[in-house]
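Could you have a look at this structure, given as structure tokens, before my questions?
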Amino acid sequence: MIVKRKYCWLLVAGYCLVIAGCYSKRKNDKKIFHYNEQTGIASLDPAFAKNQSTMWPAHQLFNTLVETDDSLHIVPSLAKKWIISDDRLSFTFYLRDNVFFHDDEAFPNGKGRKMTAKDVEYSLSRIMDKKTASPGSWIFNRKVDSVHPFIAINDSTFQLRLLRPYNPILGILSMQYCSVVAREAVEKYGSDFRRHPVGTGPFQFVAWEEGQALILKKNENYFENDSAGNRLPYLDGIKVSFYDSKATEFLLFRQKQLDFINDIDASFKDEILTKRGTLRKAWEGKIELQANPYLNIEYLGILVDTTNALLKNSPMRLQKVRQAVNYGFDRRKMVLYLRNSLGTAAESGFVPMGLPSFDSSAVKGYHYDPSKSRQLLSEAGFKDGKALPPVKLLTIAIYAEMANFIARQLEEVGITVQVETVQKSLLLEMTSNSRALFFRGSWIADYPDAENYLSVFYSKNPAPPNYTRYNNARFDDLFERALIEENDSLRYKLYQQADQVMINDAPVVPLWYDKSVRLVQVNVTGFRPNGINLLELRKTHITDRIF
């Protein structure tokens, strides 16, 4: 095992030397896009692409049947077109005939073969296979036909069958979980497929030394061209580093060793941004700020499963206490001072701004009202906070300042919150196993439909995604009716009604509707933001730069 790790790292180091050698003071012969992943990458297997750090490389290495464009519309990818049956139970996809898997030892003579409908059938079935243990196994639960959900009709035709009409299915198929993989590679590498991915994407795996670097190179046989007929991608490769310090990441960006950084750490945001979220004059012309609406909501989750023994003595089991928390702090001030206006105070529902069904006049949430908060506490039997036991809020270190801000304001209305920071992995484990009573969370859209957000509260869903274990029959009824409603306007109204039911019950404390914030080097072009903050590099250019 030691020999294998050393060999892998030699590959990385060797390739990095090649990359470095390709740069000169006059001209860069090779265009390598550099970014840092502070949280590390858990797996390169798309069946485990459950968070942004794993979605980003999966999007470079693999393709899905359909994808979202910059405007969040569903557009073709591996499928060139599709037909929906009159009863809306069958989706027939007609595949491109020029898609090949990356060259790899898994194939005869190491030559990547053509992708067929059998590969799609295998890949989607693999997500549902309990032996895979994919965290995305829930995406098809109670949605697809229980006997023959995925069928390869012939090499170029694939059919998906549903149990009942389900409008968001195309959005689900755009998720990285639904990437198409080659059976030969999965079977050859077994559990090691997580670090030896074989896909059809614009970039191909070269080497990965965990904690050091991930190297991808251009897929010379990629099937897509730009509007002028030029083969994509334009870049020659990608290098991902894994520095766990945001300060180090920012220093490397200032030294132009990184092409962009995602999000701005609290320790240096005031150096770069005004409180209104614009670049300070000292940075104008030197870097580009990309601030774009982002389908992500930041929130505090509250476990509400009353059968759980942990809730027995918790005041958060009471609806009015949860509502008091929601009224007890100033979201707008928090976004202004702690986020430099990079976001919008979440004073409506859980469904964020940016989705067509969002309507702040239709879904009324919570705003800062300390008098209302105190009134609710009194009605719950805790006048002026007396006899109200302290509540522990679990968060990760980068959100500690935000958590402490909320705790200080809640203390003024009589709610004592003890902030405890834990490792991200521990927090995920605790929320997944219903061991966290009050916790910080976020929900990034997997696909651009309100159903993706409201599924977080559907009682028939496990954790994930239903981390609060919320269960309300009225909510479930509205949610289920929305899923089969063909008329968009009517479906949006059902979404809004369901959102309102849940918000009234307050199993969550919405904080802000997010914006993606990127600092980008000025010599990087064609690097466009999108509503789900997916790392899109197919049409990215890097002009000459001097090191």
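The values are calculated or read from the model by the stated rules, or taken from the named source; none is laboratory data. Predicted model, so just to flag it, every value in this text is computed and none were measured. Backbone-built Cβ (ideal geometry, glycine too); neighbour counts: all protein chains shown.
Take the residues of region 226-285 that are in contact with a Lys or Arg (Cβ under 8 Å, 6 or more places away or on another chain) and surrounded by fewer than 14 Cβ atoms within 10 Å (Cβ to Cβ): which is farthest from LEU338 (Cα to Cα)?
ASP226
I've got another one for you. Out of curiosity, is GLU210 modelled with pLDDT under 95, surrounded by fewer than 22 Cβ atoms within 10 Å (Cβ to Cβ) and not assigned by TED's automatic domain parsing to the domain that holds ALA42?
Taking the combined requirement at face value, the residue does not satisfy it.
Please go through region 73-88 and pick out each residue that is modelled with pLDDT under 95 and either of a type in the set (Lys, Arg) or touching a Lys or Arg at 6+ places or on another chain (Cβ under 8 Å) (or both).
Answer for region 73-88, where residues must be modelled with pLDDT under 95 and either of a type in the set (Lys, Arg) or touching a Lys or Arg at 6+ places or on another chain (Cβ under 8 Å) (or both): just ARG88.
When you go through (1) more than 23 Å from the chain's Cα centre (by Cα); (2) under 30 Å from GLY385 (Cβ atoms) one by one for SER267, which number turns out not to apply?
Only one criterion is unmet by SER267, namely (2).
I've got another one for you. Can you tell me which residue among GLY354, GLY385, GLY349 is under 30 Å from GLY531 (Cβ atoms), in contact with a Leu (Cβ under 8 Å, 6 or more places away or on another chain) and not aromatic (Phe, Trp, Tyr)?
Every option except GLY354 fails the conditions.
Just one of (1) assigned to a loop (DSSP other than H, G, I, E, B); (2) closer than 24 Å to PRO293 by Cα trips up ALA387, so point out which.
ALA387 satisfies every listed condition except (2).
Looking only at residues that are outside any loop (DSSP other than H, G, I, E, B), of a type outside the set (A, V, I, L, M, F, W, C) and at pLDDT 95 or above in region 10-52, which one is farthest from TRP138 (Cα to Cα)?
HIS34
Collect the residues in region 390-443 that are among the aliphatic types (A, V, I, L, M) and in a strand (DSSP E or B), keeping them in residue-number order.
Of everything in region 390-443, those that are among the aliphatic types (A, V, I, L, M) and in a strand (DSSP E or B) turn out to be VAL391, LEU393, LEU394, VAL417, VAL419.
Ok, one more. Look through region 340-383, keep the residues that are hydrophobic (A, V, I, L, M, F, W, C) and touching a strand residue (DSSP E or B) at 6+ places or on another chain (Cβ under 7 Å), and return whichever of them is nearest to HIS73 (Cα to Cα).
If we take residues in region 340-383 being hydrophobic (A, V, I, L, M, F, W, C) and touching a strand residue (DSSP E or B) at 6+ places or on another chain (Cβ under 7 Å), then LEU355 is nearest to HIS73 (Cα to Cα).
Within the set of pairs 6 or more residues apart or between chains, which connect a residue that is touching a residue at least 12 places away in the same chain (Cβ under 8 Å) inside region 220-236 to a residue that is of a type in the set (Asp, Glu) with Cβ atoms less than 9 Å apart?
Partner pairs satisfying both residue conditions: ASN221/ASP103; LEU232/GLU224; LEU232/ASP226; PRO233/GLU224; TYR234/ASP226; ASP236/ASP29.
Every residue, every condition in (1) touching a Pro at 6+ places or on another chain (Cβ under 6 Å); (2) assigned by TED's automatic domain parsing to the domain that holds ILE83; (3) crowded, with 17+ Cβ neighbours inside 10 Å; (4) not in a loop (DSSP other than H, G, I, E, B), yes or no:
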site	(1), (2), (3), (4)
LYS118	no, yes, no, yes
GLU121	no, yes, yes, yes
LEU124	no, yes, yes, yes
PRO135	no, yes, yes, no
ALA152	no, yes, yes, yes
PHE158	no, yes, yes, yes
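Against the definition (assigned to a helix (DSSP H, G or I), modelled with pLDDT of 90 or more and surrounded by fewer than 16 Cβ atoms within 10 Å (Cβ to Cβ)), how does ASN98 come out, yes or no?
no
Quick one: TYR166 ticks every box in (1) modelled with pLDDT of 95 or more; (2) surrounded by 14 or more Cβ atoms within 10 Å (Cβ to Cβ) except a single one, so which number is it?
Evaluating TYR166 over (1) modelled with pLDDT of 95 or more; (2) surrounded by 14 or more Cβ atoms within 10 Å (Cβ to Cβ) leaves (1) as the failure.
A follow-up question, please. Of the residues that sit in region 287-321 and are buried (at least 21 other Cβ atoms within 10 Å of the Cβ) and over 29 Å from the mean Cα position of the chain (by Cα), which one is nearest to LEU377 (Cα to Cα)?
VAL321
How many residues does region 53-73 hold that are assigned to a helix (DSSP H, G or I) and among the hydrophobic types (A, V, I, L, M, F, W, C)?
Result for region 53-73: 4.
Any residue that is closer than 26 Å to SER77 by Cα and either in the same structural domain as LYS320 (by TED's automatic domain parsing) or buried (at least 20 other Cβ atoms within 10 Å of the Cβ) (or both) - is there at least one of those in region 488-499?
yes
Within region 304-350, can you find the residues that are of a type in the set (D, E, K, R) and either more than 14 Å from PRO507 (Cα to Cα) or assigned to a loop (DSSP other than H, G, I, E, B) (or both)?
Within region 304-350, ASP305, LYS312, ASP330, ARG331, ARG332, LYS333, ARG339, GLU347 meet the criteria.
Same structure again: Could you grab the pairs with beta carbons closer than 6 Å, sequence gap of 6+ or different chains, first residue in region 367-389 and more than 20 Å from PRO510 (Cα to Cα), second one part of a helix (DSSP H, G or I) and not hydroxyl-bearing (Ser, Thr, Tyr)?
Final answer for the pair search is GLU379/LYS320; ALA380/LYS320; ALA380/VAL321; LEU388/PRO315.
Further, regarding this structure: So, of the residues in region 350-391 that are surrounded by fewer than 16 Cβ atoms within 10 Å (Cβ to Cβ) and under 19 Å from GLN418 (Cα atoms), which turns out to be nearest to the chain's Cα centre (by Cα)?
PRO390
Is it the case that ASN404 is under 24 Å from ALA345 (Cβ atoms) and surrounded by fewer than 19 Cβ atoms within 10 Å (Cβ to Cβ)?
yes
Now for a separate question. Checking the conditions here, which among ARG161, ARG142 is at pLDDT below 95 and either of a type in the set (Asp, Glu) or touching a Leu at 6+ places or on another chain (Cβ under 8 Å) (or both)?
ARG142
Let me ask another. Just one of (1) crowded, with 16+ Cβ neighbours inside 10 Å; (2) closer than 20 Å to TYR337 by Cβ; (3) under 24 Å from the mean Cα position of the chain (by Cα) trips up LEU394, so point out which.
(2)
Count, please, the residues in region 286-297 that happen to be in a strand (DSSP E or B) and farther than 14 Å from SER341 by Cα.
Qualifying residue count for the region: 5.
Specify the residue that is surrounded by the fewest Cβ atoms within 10 Å (Cβ to Cβ); the eligible residues are those in region 500-525 that are within 17 Å of the chain's Cα centre (by Cα) and of a type outside the set (Gly, Ala, Ser).
In this case the residue turns out to be ARG518.
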